[in-house]
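Here's the structure, in structure tokens; my notes come after.
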Amino acid sequence: MVDKIKVENLSCCYNKKCVLDSLNINVIQNEILSIIGPANSGKTTFLRTLNRMNDLDVTYLRKGEVYLDNDNIFNMNMENLRKRVGMLFAMPIPLPMSIYENIIYAPKRLGLILKKSEQDAIVEQALRDASLWNEVKDRLDSSAMKMSGGQQQRLCIARILAINPEVILFDEPCSGLDPISTAKVEESMIELKQKYTIVLVTNNVKQASRVGDRTAFFLMGNLIEIDKTDKLFISPKERQTEDYITGRFG
Ligand SMILES: Nc1ncnc2c1ncn2[C@@H]1O[C@H](COP(=O)(O)OP(=O)(O)OP(=O)(O)O)[C@@H](O)[C@H]1O
Ligand SMILES: [Mg+2]
């Protein structure tokens, strides 16, 4: 098993209030690592650090290092990092344009595509990998805004796939979705791990247990426990983990 991401002694603070404390954690290539924990435990801050989304926040201070393969992400060109590490948010936010244009927007902007036939191939592959192709293949020119919430979320996944990243970060991707749409997004995540490495932050403990190969439990900026998902849910080592997964707090 190869580490795709290695996080060493990562501490993050906003305005001197520290919200992650000397975190050491790895993400294995082609796994889904689920991260669970109550509100304010630092889950989103952790994800945002992995693709340097907080760099422009002047109140944010970081110590420690993050390696993608063996490259220190803080020494990397930002555009290159964002191509390698894509992020999906809780609310799907398609661009107000067609399904086709949504997907091709970023590759075009990055200058990755020239010919129409190449564009068509990228759109089809991204939609297939996001488990959306069969639902939309006959209406690629219609507005993305007319899709259901669950379809919009899978479209946002397809938009990330179109730039061919190595890692995808999901921050509560199903929090606004009904159970059927949630199941579809979960299915596509499980498909995606064949090609990509996935970090999934979720408030839904059951979701973590359904899709995570390993699960990490964060509490107040600390990594309390990380283990194979079955093990963590069946026999957690720490009392705090047990309390959280059995719904005693959080
Ligand atoms: N941009 C910011 N500026 C100042 N404080 C912030 C900022 N972002 C997060 N925080 C603070 O950092 C702490 C951790 O927040 P974070 O969003 O990482 O937690 P979380 O585990 O994702 O929570 P939730 O489950 O509610 O999404 C919180 O106390 C939050 O108020
Ligand atoms: Mg969050």
- [ ] Would you please name the residue that is farthest from ligand 1 (Cβ to nearest atom), looking only at residues in region 26-44 that are surrounded by fewer than 20 Cβ atoms within 10 Å (Cβ to Cβ) and assigned to a strand (DSSP E or B)?
- [x] I28
- [ ] Could you grab the pairs with beta carbons closer than 7 Å, sequence gap of 6+ or different chains, first residue in region 117-144 and in contact (Cβ under 8 Å) with a residue 40 or more places away in the chain, second one among the hydroxyl-bearing types (S, T, Y) and in a helix (DSSP H, G or I)?
- [x] A130/S188; S131/S188; L140/Y100; D141/Y100
TODO: Report, ordered by the first and then the second residue, all pairs with beta carbons closer than 7 Å, sequence separation of six or more or different chains, a first member in region 45-57 that is more than 9 Å from ligand 1 (Cβ to nearest atom), and a second member that is charged (D, E, K, R).
DONE: T49/R62; N51/R82
TODO: Collect the residues in region 172-209 that are open to solvent by 20 Å² or more (accessible area, probe 1.4 Å), in contact (Cβ under 8 Å) with a residue 12 or more places away in the chain and more than 24 Å from A126 (Cβ to Cβ), keeping them in residue-number order.
DONE: N203, N204, V205, S209
- [ ] Please work out which residue is most open to solvent (accessible area, probe 1.4 Å), limiting yourself to region 210-228 and to residues that are within 16 Å of ligand 2 (Cβ to nearest atom) and of a type in the set (A, V, I, L, M).
- [x] M220
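Can you name every residue in region 5-25 that is hydrophobic (A, V, I, L, M, F, W, C) and either within 18 Å of Y67 (Cα to Cα) or part of a helix (DSSP H, G or I) (or both)?
Filtering region 5-25 down to residues hydrophobic (A, V, I, L, M, F, W, C) leaves 5, 7, 10, 12-13, 18-20, 23, 25.
Within region 5-25, I5, V7, L10, C12, L20, L23, I25 meet the criteria.
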Open item on the list: Restricting to region 114-138, name every residue that is surrounded by fewer than 18 Cβ atoms within 10 Å (Cβ to Cβ), outside any helix (DSSP H, G or I) and at pLDDT below 95.
Closed with: L114, K115
Task: Criterion: in contact with a strand residue (DSSP E or B) (Cβ under 9 Å, 6 or more places away or on another chain) and within 16 Å of ligand 1 (Cβ to nearest atom) - qualifying residue of V211, V205, V167 - done: V205
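Test F74 against the criterion of being within 12 Å of ligand 1 (Cβ to nearest atom) and at pLDDT 95 or above, and give yes or no. Working first, answer last.
Details: within 12 Å of ligand 1 (Cβ to nearest atom): no; at pLDDT 95 or above: yes.
Answer is no for this residue.
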Task: Those residues of region 58-68 which are among the β-branched types (V, I, T) and away from ligand 1 (no atom under 13 Å from the Cβ), in sequence order - done: V66
Task: Pick from region 139-164, criterion of a type in the set (D, E, K, R) and open to solvent by 60 Å² or more (accessible area, probe 1.4 Å), ranking: farthest from ligand 1 (Cβ to nearest atom) - done: D141
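Is it the case that G37 is within 16 Å of ligand 2 (Cβ to nearest atom), touching a helix residue (DSSP H, G or I) at 6+ places or on another chain (Cβ under 8 Å), closer than 20 Å to T215 by Cβ and among the small types (G, A, S)? Before you say what the answer is, go through the steps one by one.
On the way: within 16 Å of ligand 2 (Cβ to nearest atom): yes; touching a helix residue (DSSP H, G or I) at 6+ places or on another chain (Cβ under 8 Å): yes; closer than 20 Å to T215 by Cβ: yes; among the small types (G, A, S): yes.
Answer is yes for this residue.
Does at least one position in region 66-89 carry a residue that is within 16 Å of ligand 2 (Cβ to nearest atom), assigned to a strand (DSSP E or B) and touching a Ser or Thr at 6+ places or on another chain (Cβ under 9 Å)?
If we filter region 66-89 for residues that are within 16 Å of ligand 2 (Cβ to nearest atom), which is where we start, we get 87-89.
Remaining after also requiring assigned to a strand (DSSP E or B): 87-88.
From the residues that got through so far, the ones that are touching a Ser or Thr at 6+ places or on another chain (Cβ under 9 Å) too are none.
No: zero hits.
The values are calculated or read from the model by the stated rules, or taken from the named source; none is laboratory data. A quick note: this is a predicted structure, and the numbers were derived from the prediction, not measured. Cβ coordinates were reconstructed from backbone atoms using ideal geometry, including for glycine residues, and neighbour counts include every protein chain displayed. Heads up: the accessible areas ignore ligands, DNA and RNA and are worked out on the full protein's heavy atoms, side chains in. Shrake-Rupley method; radii C 1.70, N 1.55, O 1.52, S 1.80 Å.
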